[in-house]
Amino acid sequence: MVIHICLEWRKIAFCQCLNILDILFSVPKKFCTQTPRQSSDAWSLQTMKASREEKIYLRQKHRRTDVGTHNLHLLKKMEISVAEAEKRTGKNAVNMQETYTVYLIEMRPVDAASEGTNPVPDSLWRRYSEFELLRNYLLVTYPFLVVPPLPEKRAEFVWHKLSADNMDPDFVERRRVGLENFLLRVASHPDLSTDKIFYSFLTEENGWKETVFETGFQAKADSRLKALNATFRVKNPDKRFAEMKHYGDELQSVISQLLRVRARAADRLYGVYKVHGNYGRVFSEWSAIEKEMGDGLQSAGHHMDAYAASVDDILEEEEHYADQMKEYLFYADALRAVCRKHELTQYELEMAAQDLTSKKQQREELATGTIRTFSLKGVTSKLFGQETPEQREAKLKMLETQIEEGEELVKERNAECEEFVKSAWVDIERFKEQKDHDLREALISYAIMQISMCKKGIQVWNNAKECFSKM
Amino acid sequence: MSAGAPRSLASSGQKSIQDICHPLSAEESALNPGSAADTGLILPNGTPVDTSSPASSSSLLNRLQLDDDLDGETRDLFVTVEDPKKHVSTMETYITYRVCTKTTRTEFDLPEYSVRRRYQDFDWLRNKLEESQPTHLIPPLPEKFVMKGVVDRFSEEFVETRRKALDKFLKRVADHPVLSFNEHFNAFLSAKDLNKRQGLALLTKMGESVKYVTGGYKLRARPAEFAAMGDYLDLFTQKMGTIDRIAQRIIKEQSEFLMELREYGPVYSSWSSFEEDLHDPLEGVSGCVSNCSSALEELTEDMSEDFLPVLREYVLYIESMKVPSDVEKCQDRVECFNADLKADWDRWENNKRQDFRQLLTGMANKNIQHYEKCLAAWESLVPLLQDKQEAEGETS
């Protein structure tokens, strides 16, 4: 009983971890059928059945109904969910047969749920690669935003019983949850939620890919990517961004370590529990040769079997915690990307300024006739004689134009930089708050998971102890 | 024999080994728990010798509580083995144990005794019991020989394990309706100087054993009951072996899990070092994991030190329980032999049931305690995290 409630409750809590409580409208039907605001009865029933710490926790969650005043017009109208996953086979780009998974995205008007009507939701199928395309588009189009990450492409930090196979049903299920999470995060972002491409991703099954490519974001992507990968030194990076980048590095490193060790610990814990199952078998065999002790031993053996079996649920729950951590592992990457992009814009500004300065210097030299800087003109004029006044006039004029253009460019780039810094910092602050909130929630739910595990353990051993005492 | 002041130990000078009596066989005050510490002996590992006198009374109580199905038998003989001490002489170094007796039996001169015995003396007693009571199952002693260099005979662990086994041995004899009245047992418990008594005892017993050897006809076939017992013992030994292996495996897996936990906790700590708002929650989790690690370590140690040795000792017990091969010795007493053996067998079965009930209940208790410790740690963390949450909620 407790186990069941724990799982259900935990799933709800997981959804609540997905930022702002407005998202509660869109908690997928699999987890709870009604939204908290509209069905306090369902919630109080939930709290009655929960244990003491769970009750406190649920009550507190329920209390926090007004978080921020974001313009979430999308989520105010629509409930989004990734409801199902299916396997498909088809021909790929190189005309070879392949098997892949598609996910069903459903959009349901919010009002309908409260009115009690249940219209057929708008739905369409998308595969993982389309989600990737969407995200790449968002990355390029909003370089100053910390774009929510997708669930991992391949299973990593896997402990031995967990399959690393992309086709494995457990992996697919966890990916389904992750994709839904991604959509909800984008939909609740003040800027991303208004994007038209995002909207059509949710509404137009056919032709969406073409629409994305038509935006020409690929070209931008290529040039940006090249620039990002290049190593360049920025003379005056914004200190805050440098610190953020460093933070992103540290966060990525520590969460990787956490996930690695946790996976190893999960492996070991599995071993501990499963070996206790051997007690079950030997107690059973032993009871067969005993008279008075037999019954006690036999029943104790059953409890040992139950104990061994309980580890599967425990580790499944822990996997969800690992997924929450993974999201922030990937978020760290997104954060670092924004900082990198800032460096890029700063660098471009510095380059333009540098170029302008050198052009101005050239003009000065030309005007005064002194050659201070090395130039081909200087060398050739020495070798072949100075140019005519008319030639010099022409050059000066050209330089003037270039300088004008250069000044425009610097102004532009400066504005870009300032704009970027301003917008990016707003989003980084938003992200910081979200991160602190979500990770705290994750830690609380982790603690509650541990509590539940301990209680189960105490119960099983108490049962076994009772059997032993009857021996 | 009255209580006297303890004699100092020290090396006894140049005496031949026969003249060296048990230095402390002149009894100390039977009920004075402090006397043992006077000599200030320290075991090789540097710790003072464990007096464990309070434990003796509680172990007596334990025994009483367990033995609830003695069918109205009132106990009039209580024996404990405690207070191991190291003795160093020019010839050898050895450990003695204090054997305390409380009794209302008239076979004993006094109601209380406290004597010092060494392993040799226990061994002597067991041999005497086997000789003089061939029709009974004699409880086993812990291993006599230990490989020098492999096991430290004077380590606290070894001495304590041995003390427990010797204590169990004497208790089993004391509980036995026939063996407990054996004169050698009486001497073991009460005699100041066992050596002299040994000699006397040997002489009186000689005649009887001669009678046995010259006894009657050969036993044609082992009674079916013996065969059934033998089969049961074989299967039982097998199961004990399996349980031993499982317990060892669990300890191993738990140790490996513990290793990972030891790395896991600190990760949260190092994470907290570059977080602001999340600093306290992360530190909290790190602390909890650390507490769970300690709890697990205790559990593993307990299982190693308490569970496994008792299990193994039972297997040894069974070795000694094999039906005596010198059945031929007492042909003319075959009927008596069967009855005695049957009674002893039932007694053994009963004790076995109690022992295993205690052992397995103990195992369950240790696991429960482990989980309770972990539970307390995590439960104390949750409100801490949630309070902060509330504070945040109010300010935003």
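Tabulated results
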read-out	value
Residue within segment A:282-289 that is of a type in the set (Phe, Trp, Tyr), under 30 Å from A:Arg135 (Cα atoms) and open to solvent by less than 10 Å² (accessible area, probe 1.4 Å) present	no
Residue match in segment A:163-177 (condition: in contact (Cβ under 8 Å) with a residue 40 or more places away in the chain, in contact with an Asp or Glu (Cβ under 7 Å, 6 or more places away or on another chain) and in a loop (DSSP other than H, G, I, E, B))	no
Count of segment A:300-313 residues which are open to solvent by 40 Å² or more (accessible area, probe 1.4 Å) and within 12 Å of chain B (Cβ to nearest Cβ)	1
Members of segment B:87-123 found to be part of a strand (DSSP E or B) and among the acidic types (Asp, Glu), listed by number	B:Glu112
Residue in segment B:289-304 that is over 33 Å from the mean Cα position of the chain (by Cα) and modelled with pLDDT of 85 or more present	yes
Subset tally (residues that are open to solvent by 30 Å² or more (accessible area, probe 1.4 Å) and more than 8 Å from chain A (Cβ to nearest Cβ)) for segment B:266-275	3
Selection status of A:Val275, within 13 Å of chain B (Cβ to nearest Cβ), in a helix (DSSP H, G or I) and in contact with an Asp or Glu (Cβ under 7 Å, 6 or more places away or on another chain)	yes
Residue match in segment B:138-148 (condition: in a strand (DSSP E or B) and of a type in the set (A, V, I, L, M, F, W, C))	no
Some residue of segment B:316-335 being more than 14 Å from chain A (Cβ to nearest Cβ), at pLDDT 75 or above and part of a helix (DSSP H, G or I)	yes
Matching entry among B:Leu341, B:Leu360, B:Leu308, B:Leu385 (being at pLDDT 85 or above and more than 8 Å from chain A (Cβ to nearest Cβ))	B:Leu308
Segment A:339-350 residues that are open to solvent by 30 Å² or more (accessible area, probe 1.4 Å), paired with ones that are of a type in the set (Val, Ile, Thr) (beta carbon under 6 Å, 6 or more apart)	A:Glu343/A:Val234; A:Tyr347/A:Val234
Checking A:Phe374 against (1) aromatic (Phe, Trp, Tyr); (2) open to solvent by 30 Å² or more (accessible area, probe 1.4 Å); (3) at pLDDT 90 or above, the condition it does not meet	(3)
Counted residues, segment A:438-453 - those being facing chain B (nearest Cβ under 7 Å) and among the polar types (S, T, N, Q)	1
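The values are calculated or read from the model by the stated rules, or taken from the named source; none is laboratory data. Source: prediction; values computed, not measured. Note that we place each Cβ from the backbone using ideal geometry, even for glycine, and neighbour counts take in every protein chain shown. Calculation scope for accessible area: heavy atoms of the full protein, side chains included, ligands and nucleic acids excluded. Shrake-Rupley method; radii C 1.70, N 1.55, O 1.52, S 1.80 Å.
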